[in-house]
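The values are calculated or read from the model by the stated rules, or taken from the named source; none is laboratory data. Treat the numbers as computed from the prediction; the structure is a model and nothing was measured. Backbone-built Cβ (ideal geometry, glycine too); neighbour counts: all protein chains shown.
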């Protein structure tokens, strides 16, 4: 007897996201966070750009992930400029927080 086992149908990531409102919302927030970072990229000195990543959005609060204390100190000085630029571009951002990521040793 030859039994053919039916493999479960695979679901694309796009389908899974579409089927899950919370996953779709999360995907949208990640996209928006990356767009915000793109919008302020020119304000960040080119040598610092690799140290800054888009972080979570929580309402009108946005978080930037920064590699190390030195980079965070420099980026912190740019927050008012970044916020003003985002507001001019239509994003309602009342707070930009920095989360410092430390390199693993």
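Quick one: would you say residue 29 is assigned to a helix (DSSP H, G or I), within 12 Å of residue 96 (Cβ to Cβ) and in contact with a strand residue (DSSP E or B) (Cβ under 8 Å, 6 or more places away or on another chain)? No, not satisfied.
With respect to being at pLDDT 95 or above and outside any helix (DSSP H, G or I), residue 100 fits the description. Taking the residues in the range 61-76 that are in contact with a strand residue (DSSP E or B) (Cβ under 7 Å, 6 or more places away or on another chain) and surrounded by fewer than 16 Cβ atoms within 10 Å (Cβ to Cβ) as candidates, determine which candidate is nearest to residue 102 (Cα to Cα). This residue is 68. When the range 34-48 is limited to residues that are farther than 14 Å from residue 89 by Cα and out of contact with any helix residue (DSSP H, G or I) (no Cβ under 7 Å at 6 or more places or on another chain), the one that is surrounded by the most Cβ atoms within 10 Å (Cβ to Cβ) turns out to be 34. Of all the residues in the range 7-33, those that are farther than 30 Å from residue 81 by Cβ, at pLDDT 70 or above and touching a helix residue (DSSP H, G or I) at 6+ places or on another chain (Cβ under 7 Å) number 2. Are any residues in the range 28-81 in contact (Cβ under 8 Å) with a residue 12 or more places away in the chain and at positive phi, and if so, which ones? 68 - this is the single residue of the range 28-81 that is in contact (Cβ under 8 Å) with a residue 12 or more places away in the chain and at positive phi.
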